[in-house]
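Asks: Quick one: this structure, given as structure tokens, is what I'll be asking you about.
The values are calculated or read from the model by the stated rules, or taken from the named source; none is laboratory data. Computed from a predicted model, the values in this text were never measured in an experiment. Cβ placement follows ideal geometry from the backbone for every residue including glycine, while neighbour counts extend to all protein chains displayed. Ligands, DNA and RNA are stripped out before the accessible areas are found, and what is left, the full protein with its side chains, is counted by its heavy atoms. Shrake-Rupley method; radii C 1.70, N 1.55, O 1.52, S 1.80 Å.
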Amino acid sequence: MPDPPEHLKELYHWDRTNHWHAFTQMAEYEPLVIEQADGVWMVDSHGRRLLDGASSMWCNVHGHNHPAINSAIEGQLHRVAHVTTLGMTSDTTVKLAKRLVDIVPTGLEHVFFSSDGSSANEVALKAAFQYWLQCDDPQPQKTRYLTFGQAYHGDTLGAASVGGIGKFHDLFQPLLFEVVRMPSPDSRRLPPGLAGEAAVRYFLDEVEEVLKEQADTLAAIVIEPMVQGAAGMVMQPPGFVRGLRELATRYDVLLIVDEVATGFGRTGSMFVCDAEGISPDFMTLGKGLTSGYLPMAATITTKKIWETFLGDSESGRALYHGHTFSGNPICAAAALASIDLFEEEQTLEKLPPKIERLGERLATLAEHPHVAHARQRGMIVAMDLVQDKQTGEPFPTKARVGQRVAEIALDHGVWLRPRANMTYAIPPLAISLEEIDLLMDAMTAGVQQATAAAQT
Ligand SMILES: Cc1ncc(COP(=O)(O)O)c(C=O)c1O
């Protein structure tokens with residue numbers, strides 16, 4: 001990379017010093033500044049075109065700078081930019097609530113808006129807790145949550161409590177509440193020979209053992225369905241979430257399904273809940289809700305739960321939770337336009353060949369001697385990078401193999417989110433077959449070169 005021109009030197013200095021980046025060790029941070037983006041492509045301050053291989057943190061759906069979403073945002077901007085949802089609202093926000101109810105699984109009818117996935121999960125956790133105090137047969141002892149392994153539900157303290165990623169959450173342990181944590185249902189840790197239905201049964205039996213003992217004190221089960229993203233794209237066998245729904249009902253525990261990352265087509269269907277044929281007690285959405293354009297999230301629940309929150313103003317039954325920008329009309333306009341685009345551009349209908357192409361390219365990479373557990377769910381592909389394929393021994397952390405893959409991919413014009421000892425891609429759904437090839441070419445080069453270098 002050549003030395004940046006003077007104006008960029010100043011910008012980069014501000015970026016290193018005044019701008020504190022999320023999840024970033026600022027002492028090591030090298031500026032990557034995007035000045036323009038169109039479709040799946042971003043252009044950085046050096047004029048490099050970079051394919052957005054991680055959908056700007058798993059949220060871009062229809063591509064950057066989409067004229068329909070831009071125009072919806074502009075149209076709303078000239079009507080009303082913001083009004084609160086505390087006791088009032090905008091017409092656009094109401095329309096979005098209704099539209100969401102129309103597309104989410106049957107039974108989910110009441111939408112609470114917030115601005116990010118973490119908050120959407122906080123709302124679900126608090127509402128589930130409050131439900132057990134207010135339902136017809138109150139059970140105030142139901143105060144705990146069942147969560148899975150290295151779950152990630154966000155960084156606010158409630159969401160972090162039900163999360164389990166040591167690197168992010170351990171430090172804050174004294175601030176977090178206790179949960180019942182189970183190993184993740186992870187196709188990689190099955191006893192040899194178990195697959196399909198048997199694999200699903202194996203993981204569900206583990207859950208049932210815990211429910212038998214502890215359902216009495218559990219308010220809810222919280223799960224990232226099908227794919228635990230931040231854990232490293234840990235994938236569950238299809239059918240697990242369906243079985244979990246059955247268990248939650250049988251043991252009278254609420255089910256919170258966090259579709260913040262999986263929602264809006266990522267795994268091939270609009271929601272994982274659709275593919276699994278279930279309806280949870282709470283579904284949380286974020287990221288792709290506005291096609292990744294603006295911060296908006298939603299917690300959607302059932303009539304049964306909603307009704308327990310109704311009463312007169314003295315009853316104390318209202319959900320005392322809210323955010324200043326909850327339900328912001330500009331965000332709502334972007335979300336409505338994005339949902340329209342799913343129909344107009346036949347976004348889901350166009351996915352099968354893309355999923356197939358990703359799968360073919362992944363299958364080739366899976367043959368590589370340092371690639372293990374190549375895995376895919378819809379538009380998400382991931383693999384572990386191992387020193388020894390037979391034993392699964394990882395590369396030493398200091399070899400920074402996953403990070404090197406991302407650096408090499410960047411040199412090949414593709415932005416991948418760096419991860420230690422693994423790599424993944426989750427491109428915008430709007431990506432073309434040719435662009436998938438460019439993405440997977442860059443990832444392949446990254447894997448080949450980074451693992452070769454780590455060997456020497
Ligand atoms: C499954 C899941 N839930 C919640 C969140 C948190 O969302 P946000 O970053 O918008 O707070 C994320 C973010 O990556 C996520 O992947």
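Asks: When the helix-only estimate is applied to the chain (DSSP H runs of n ≥ 4, each -39,500 (n - 2.57), divided by the residue count), what is the mean residue ellipticity at 222 nm, nearest 500 deg cm²/dmol?
Replies: That comes out to -11500 deg cm²/dmol.
Asks: A follow-up question, please. What whole-number distance in Å separates the alpha-carbon centres of the stretch 243-265 and the stretch 382-456?
Replies: 32
Asks: I'd like to check one number: the per residue accessible area of the stretch 70-344, probe 1.4 Å, reported in Å² as a whole number. Don't skip to the end; give the middle numbers.
Replies: On the way: 11200 Å² over 275 residues.
About 41 Å² of surface per residue is accessible.
Asks: Another one. Ignoring everything but the protein chains, give the 1.4 Å probe accessible area of residue 144 in square angstrom, nearest 10.
Replies: 60
Asks: How high is the FRET efficiency from residue 453 to residue 367, r the C-beta distance, R0 22 Å, rounded to 0.05? Numbers along the way, then the final one.
Replies: Details: r = 20 Å, r/R0 = 0.89.
E(calc), rounded to 0.05, equals 0.65.
Asks: For 28, 345, 435, give the ranking by accessible area with the largest first, probe 1.4 Å. Kindly include the intermediate steps, with their values, before the conclusion.
Replies: Values: 28 140, 345 65, 435 40 Å².
These residues rank, largest area first, as 28, 345, 435.
Asks: Write down, largest first, the equivalent ellipsoid semi-axes of the stretch 70-344 in whole Å, where each equals the square root of 5 times an eigenvalue of the alpha-carbon gyration tensor.
Replies: Details: eigenvalues 183, 100, 58 Å².
Semi-axes from the Cα gyration tensor: 30, 22, 17 Å.
Asks: Can I ask one more? Can you give the Kirkwood hydrodynamic radius for the stretch 403-446, in Å, rounded to one decimal and based on Cα pairs? Walk me through the numbers before you get to the answer.
Replies: Details: mean 1/r = 0.0964 Å⁻¹.
Evaluated over the stretch 403-446, this radius sits at 10.4 Å.
Asks: Work out the FRET efficiency for residue 91 and residue 344 from their Cβ-Cβ distance, taking R0 = 22 Å, and round it to the nearest 0.05.
Replies: So the FRET efficiency works out to roughly 0.55.
Asks: Could you sort 355, 408 by their accessible area in this structure, using a 1.4 Å probe and putting the largest first? Could you put the intermediate results ahead of the total?
Replies: Details: 355 40, 408 5 Å².
In descending accessible area the options line up as 355, 408.
Asks: On a 1.4 Å probe surface of the protein chains, which of 23, 240 comes out largest in accessible area, and what is the full order? Mind showing how you got there, number by number?
Replies: Values: 23 110, 240 0 Å².
So, going from the largest accessible area down, we get 23, 240.
Asks: If you average the alpha carbon positions of the stretch 39-118 and of the stretch 332-369, how far apart do those two centres end up, in angstrom?
Replies: Rounded to whole Å, the Cα centres lie 18 Å apart.
Asks: In whole percent, and with a 1.4 Å probe on the protein chains, what portion of the accessible area of the chain is carbon and sulfur? Could the numbers behind the result be given before it?
Replies: Numbers: 11050 of 20170 Å².
Within the chain, the accessible surface is 55 percent carbon and sulfur.
Asks: Here is a further query. Amide H neighbours of residue 371 under 5 Å, at least 5 residues apart or on other chains, H built in the peptide plane: list them.
Replies: For residue 371, whose amide H was placed from the backbone, the distant partners under 5 Å are 386.
Asks: Quick one: in the stretch 73-130, what % of C-alpha pairs are over 16 Å apart? Let's see the in-between values first.
Replies: On the way: 953 of 1653 pairs.
Beyond 16 Å sits 58 percent of the P(r) for the stretch 73-130.
Asks: Which value, in Å² rounded to 10, gives the accessible area of residue 14 with a 1.4 Å probe and all protein chains present?
Replies: Accessible area, nearest 10 Å²: 120 Å².
Asks: Next question. Could you tell me which of the pairs 167/287; 167/354; 212/303; 212/304 are separated by over 31 angstrom between their Cα atoms in the structure shown? Let's see the in-between values first.
Replies: Numbers: 167/287 23 Å; 167/354 34 Å; 212/303 27 Å; 212/304 24 Å.
The answer is 167/354.
Asks: If I stretch the segment between residue 13 and residue 398 completely, what's the gain in nm (0.36 nm per residue apart, minus their alpha carbon distance), one decimal? Don't skip to the answer; put the middle values down first.
Replies: On the way: separation 385, 0.36 × 385 = 138.60 nm, distance 2.74 nm.
So the extension gain works out to 135.9 nm.
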